[in-house]
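Encoded as C-alpha cells, the structure appears first; notes follow it.
The values are calculated or read from the model by the stated rules, or taken from the named source; none is laboratory data. As the structure is a prediction and not an experimental result, all values here were calculated from the model. Note: ideal-geometry Cβ built from the backbone for every residue, glycine included; neighbour counts use all protein chains shown.
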Ligand code: ADP
Ligand code: ZN
Ligand code: ZN
C-alpha cells in the first residue's frame, strides 16, 4: 500500500501542505509523482483535481481516515522533479499558493474544468426526465440537456436520493493520434521467398520495412509519399508481419518553408561575447550575463551562435522574448538556423497547437524552445543555455497569481541545470544593470552597430510651438521628412504612444468627460465599431452626439487614436500607402504577420502603429522613424515612468537605419527638456542609467530598495478601505522600523469593473519579518475572499495602475 501526497485545487481553501490519499490497488504500479489525479474532497460528492507531489509506502500509519484516489488524469507525469521543486520555490517567492504555481506551468488546455453531472439510482417516475438520463452514464447537468425546471426537479430528487449530482473534472487536453505500422519481421529473406515475384506492391512494402526495421511508420505518409498500397499493408497485417498502432500526432503551427541560413561572420564585439558565453556553456556554469547592446548591434546573432554551442554540447536551449517581439521575423530567424528542432510557444497559437508543441518538447523532440513569458516553464530536461531577450520588458512579469518575474525563474532553472543565462537589451532594467555593475552578473557591451552605421540621428520637436501651426498631430518637420523619404522610396515607421490615458471625449461647454460606468477611467473612441469603449472592462456604448450632462452639441474628442491619425495622414499624403498596426487591426489570427509581410515586401510606405511596432522589427529600407507623442507615459504615477519612456523611445528609434542606409528619428514632445527625452536624443543609455539611479536613490526605490505592493479590493469601497487599514496596522506591528510603509491609498485607477482598489506599498532593504508577515496575510486572505474581499501581494510590482 502507498500513500500519495497531493496538492489539491480548492479555490477558497488553499494550503501549501499536501493532503494524504490512499493509492488504490489498481493504480499502485502506474501512479507516479507529477501526475494529475482526481480525488474526493470534503464531505459531499465533490471531486477535484490534484497533483501528486510525493509517494510513500504505508508502514505503520493509521490509514483508516484516508480517502482513496478516484482516478488518474494522465498516463505519464506532466511535471518532472525539477518543475515540482520549482513550484515550491515559486510559491514561497511570490506569495502564491502552490496549486496556482503548478497550474501556471502547464498549457491552457490542461487546466481542468469542472462540470456537474447527474446519475440516476433507479428508473424515475417522470418519463421525460428518465429518458434524458442515460442508465449507466453520468449526464452533464447543464442547460443543453435540461430545462431550468428540470434542473430544479433533479435537485429535489437528489434530496430523496433518487439521483446523485456530482462534480467531475473535465480533461480537455486530448492528444491527436494517427495510424502507424511497425515492422515485425526478423527474417526478411524468408518473407521475400514467400512473396510471389509479381506481387509488386507487397515487394515494395517489404523493401520499405527493411529500410526502417524498427521505426513507427505513419500509414498516411507511406501511402502518399512512398507509394505503398493500402492492400499490401492489409495483407501484411493479416500475416502478422506488421503491427498497427496509434502514435501521437503533433499539429505543426509553423507553415513557412524553412530556408536554412548559415552563421554570420561575427564582428569583434560579437565574437568576444560569443566566446565568453560559450565558455560558461561548456563548463556548465550557472552564470548570468548581461549584454547591453545598442539597437542593431547583432545581439540575436550572438544568441544564435551560443545556442549552436549548447546543441553541439548535446544540450538544449531556451530563448525567451516578449510576446510582441515574437514576430514571424524573429521566429524565422531561429527556425532558419535550427530547422524543425525548434518549438515555438506563444499566444498566437491555438490551445491545441500550444499543447502539441508542449508535448513535443516534453517528448524530447525539440531542442530549442522560443517563447514568451510562460515558456520559461517549458518541460526541457537538459538545458544548456537560457536567453532572455529585451530583458527589461514589463511583459516578463506576470500580473496575476503567481506574480513571478521570468528572469527569476530563468535564473533558478539555470542553477538546476548548471547552465548560463543571458539577459540582453539595448536598455537593460536598472536592476540588472546595477547587478552587472556590482559584478553579480557578467557585463558584456556591444557598442557598435553591425553595419558600421552610426546610430540614427535623433531630432526633438517641441510640440508646444507647433500646435498652432499644423494642428496637434504632425509637425512641419515630421511631414517634410516623410515627404522626403517617400520621394526616395524609402520606408517610414510612425509610432503613436498609447501608454497612459490620452484620449477621451469631453464637452467643451460643461467640461464633462465621458467615463466608464464601471471603472474610474474615461472611454476611448473606436471609429471602426462607432463606439466608445472601456479598455479595462470592455464596456461599450454608441458615440454620443450630445453631452449626457448638459445636452450641448459641443462635445469633442481629445487626444489621438491610431485610426484618427491614419485618416489625417491619408488626407495630408493622399498617395502614401499606409498600414496600421494596433490592437484593432491585429485581432484576427495571422493579421499581425500579414501586416509585417506587406511592409517587408515594400507594399506600403508607412507603418503606423502603437508600441507594438517598437520592438524586434528589422526592415532594411526603413530610414525614418517618427514618434508622434513621446510624453504620454511620462507623468504616470509610477516610479519607472521615465525608464519606460526612455526604453520605448530608444527601441523605436533603433528601427531606423539598420542596413546600409542612414536612419533618422523625429520625436515630437511637449517636454523637450525632460532628461529621458534629451538622453534618447544622445542615445546614451549609460548616462540615463547614472542619472536615473541618483533619483531612485533619493526617492528610495528599486534597485536601492525592494518593493512589495499589497492591493485590497472589494465591490464595497468602505470594506476595502477598512481592510487595508487593518493590514497596515498588522504590518506596523510586525515589520522592522527601517521598513517604509506607504498608504493605504486608492490606486490611481481607483475602481475597475465596479471593484474599489486600495494599495499599500512596502519599501525595504532587509526585513527578517516581512516574509512571515506576508505569508500570514496570504493565509488570512482566503477567509476574506469568502466575504468578497480580494487581497493581492505583489513582490517587485511593475504595474501601479
Ligand atoms: P539587435 O538584436 O542587437 O537589434 P540584430 O541581431 O537584429 O540586432 O541584428 C541587426 C541586423 O544585422 C540583422 O539583420 C542581422 O541579421 C544582421 N547581423 C547581425 N550580425 C551580423 C554580422 N556579424 N554580419 C552581418 N550581419 C549581421
Ligand atoms: Zn470599464
Ligand atoms: Zn456638457
Can you pull out every residue in region 515-530 that is closer than 24 Å to residue 755 by Cα and not in a loop (DSSP other than H, G, I, E, B)? 515, 522, 524, 525
So, in region 485-514, of the ones that are in a strand (DSSP E or B) and within 16 Å of ligand 3 (Cβ to nearest atom), which residue ends up farthest from residue 717 (Cα to Cα)? 507
Please tell me if residue 281 is outside any strand (DSSP E or B) and away from ligand 2 (no atom under 16 Å from the Cβ). yes
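Can you name the strands (runs of 3 or more DSSP E) wholly within region 566-630 that have at least 1 residues being under 25 Å from the mean Cα position of the chain (by Cα)?
So the answer is 578-581, 606-609.
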Collect the residues in region 260-281 that are in contact (Cβ under 8 Å) with a residue 60 or more places away in the chain, more than 10 Å from ligand 1 (Cβ to nearest atom) and within 13 Å of residue 304 (Cβ to Cβ), keeping them in residue-number order. 260, 273, 277
Can you name the number of the only condition in (1) in a helix (DSSP H, G or I); (2) more than 16 Å from ligand 1 (Cβ to nearest atom); (3) in contact (Cβ under 8 Å) with a residue 60 or more places away in the chain that residue 336 fails? (2)
Going through region 634-669 in order, the residues found to be farther than 14 Å from residue 692 by Cβ, at pLDDT below 90 and either surrounded by fewer than 23 Cβ atoms within 10 Å (Cβ to Cβ) or within 16 Å of ligand 3 (Cβ to nearest atom) (or both) are 635, 636, 637, 658, 659, 660, 661, 662
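For region 124-228, which strands (runs of 3 or more DSSP E) that fit wholly inside it have 2 or more residues that are in contact (Cβ under 8 Å) with a residue 40 or more places away in the chain?
Output list reads 163-170, 176-183.
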Within region 337-360, residues being at pLDDT 90 or above and under 17 Å from the mean Cα position of the chain (by Cα) number 5
In region 331-355, which residues are touching a strand residue (DSSP E or B) at 6+ places or on another chain (Cβ under 8 Å) and over 18 Å from residue 590 (Cβ atoms)? 334, 338, 341, 342, 343
Criterion first (touching a strand residue (DSSP E or B) at 6+ places or on another chain (Cβ under 8 Å) and within 16 Å of ligand 3 (Cβ to nearest atom)) does residue 518 satisfy it? no
Flag if residue 595 is out of contact with any helix residue (DSSP H, G or I) (no Cβ under 9 Å at 6 or more places or on another chain), surrounded by 17 or more Cβ atoms within 10 Å (Cβ to Cβ) and over 22 Å from residue 627 (Cβ atoms): no
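Which of the residues spanning region 674-684 are at pLDDT 90 or above and surrounded by fewer than 21 Cβ atoms within 10 Å (Cβ to Cβ)?
Listed by number, the residues that qualify are 674, 675, 678, 681, 684.
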Scan of region 532-563 for residues that are near ligand 3 (Cβ under 10 Å from one of its atoms) and in a loop (DSSP other than H, G, I, E, B), ordered by number: 546, 547, 548, 549, 550, 551, 552, 553, 554
Cβ-Cβ below 9 Å, separation at least six or inter-chain, first residue in region 440-464 and more than 17 Å from residue 428 (Cα to Cα) and free of Cβ contacts under 8 Å to residues at least 60 places away in the same chain, second away from ligand 2 (no atom under 16 Å from the Cβ) and in a loop (DSSP other than H, G, I, E, B): which pairs? 452/267
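Any chance you could count how many residues in region 308-329 are outside any strand (DSSP E or B) and closer than 21 Å to residue 432 by Cβ?
Total meeting the criteria: 6.
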Count of residues meeting criterion [over 24 Å from residue 750 (Cβ atoms) and either at pLDDT below 80 or within 16 Å of ligand 1 (Cβ to nearest atom) (or both)] in region 498-546: 4
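Name every residue in region 296-307 that is surrounded by fewer than 23 Cβ atoms within 10 Å (Cβ to Cβ) and part of a loop (DSSP other than H, G, I, E, B), in order of residue number. I'd like the intermediate steps shown before the answer.
Taking region 296-307 first, the residues surrounded by fewer than 23 Cβ atoms within 10 Å (Cβ to Cβ) are 298, 300-301, 305.
Listed by number, the list holds a single entry, 298.
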